[in-house]
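These notes concern the structure reproduced below.
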Amino acid sequence: MARRYDSSTTTFSPEGRLHQVEYAIEAINNAGTSVGILAKDGVVMASERKITSGLLAPAKVSAASIFVSSAACVDNSTSYTNQLLIHSKTSEKIYKLCPHATCTVAGLTADANILIDQARLRAGRYAYQYQEPIPIENLVEHVCNYKQAYTQYGGLRPFGVAFLFAGYDETHGFQLYQSDPSGNYSGWKATVIGANNQAGKSLLKTEYGAKKNDGDEMKTDDPASEEVEMPDVAEALRLAVKVLNKTMDGAVASPEKLELFTMSLDEEGNCVHKILNAKESAAVIAEVEAETATSGDT
């Protein structure tokens, strides 16, 4: 029965399911794991780096990104443009959307590039029109509305990618959102997408802040989430490495296999985006290993 509904994104099956959307979500569950953790003083994101070949050359900033950022940000928004262009793209999983927002992806990178360009364009237009940074949820909602349209019209397929959005605004502070191919999004204090995400979420439930009741998710719209004591950025980095250690199917963590990112505020209140280099990542991994060895001895 399900076969006749497999090829359509616009027709519900008798069970009320959209099979193409479910298949897109399944593709994400086979992608590299990404972790997002909200901290007291910032946001931490960590991703599993899939190494396909040591012969691959690092990617550079795409022409599309240059066009979008420069066309969208003119006049007195030049700092927005410069911050997108001054660094070459050294990350395969983490992308800067604007000075106060970043995302990490799990799934098809080609699909993600289209949505990332949409997010950058929206952020730039908002900054030019209103002369202020776009609220993070407004940006996330725009991307999710774009994704949802691809599940509602014939001749299209859903985007096979999930996002973790991290950002900061003056109204709500640091925020973390997750979105999937259906266009749904939700706010989180800590979550995991990609392969073995359920195992990662189980670890977050026990390790992140206060103990929670069994079955409770770390969603920010849960009234009980007020009880959770948020870690600082250093603690969140160690927790992110622990989660990836559990989800990487027994692989030994190393700087080559992990990508660690932090967002925090500097003394002037500006967002600082930082991808940890190999030495800094190795130091965090060593701290986690030492902590694990200590707990094992006791």
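No lab work stands behind these numbers, since they all come straight from the coordinates. Every value quoted in this text rests on a predicted model; they were computed, and no experiment measured them. Glycine gets a Cβ as well: all are built from the backbone with ideal geometry, and neighbour counts include every protein chain shown.
Between L55 and S202, the modelled labels are 4.0 nm apart [label points 7 Å from Cα along Cα→Cβ]. For S186, the residues 5 or more places off, or on other chains, whose built amide H falls under 5 Å of its own are Q178. Around the amide H of L97, modelled in the peptide plane, lie the amide H atoms of T102, C103, all under 5 Å away and 5 or more residues distant in sequence or on another chain. Evaluating 6.51 cos²θ - 1.76 cosθ + 1.60 at θ = phi - 60° for every residue in region 124-132, the Karplus couplings come out as x, 5, 5, 5, 6, 6, 10, 6, 7 Hz, glycine and proline recorded as x. Please state the shape class of region 111-206: rounded when a/c is under 1.5, otherwise prolate if a/b exceeds b/c and oblate if not, all from the C-alpha gyration tensor. Oblate.
The modelled label-to-label distance between D232 and L265, using points 7 Å beyond Cα along the C-beta direction, is 1.6 nm.
Ordered by packing density, taken as the mean number of other Cβ atoms within 10 Å over each peptide's residues, highest first, how do 255-263, 197-205, 11-19, 124-132 rank? Kindly include the intermediate steps, with their values, before the conclusion.
Numbers: 255-263: 21.1, 197-205: 18.6, 11-19: 12.7, 124-132: 14.8.
Going by the mean number of other Cβ atoms within 10 Å, highest first, we get 255-263, 197-205, 124-132, 11-19.
With the contact rule set at Cα under 8 Å and sequence spacing of 6 or more, what percent relative contact order holds for region 112-161?
Working: 28 pairs, mean separation 16.1, N = 50.
Relative contact order of region 112-161: 32 percent.
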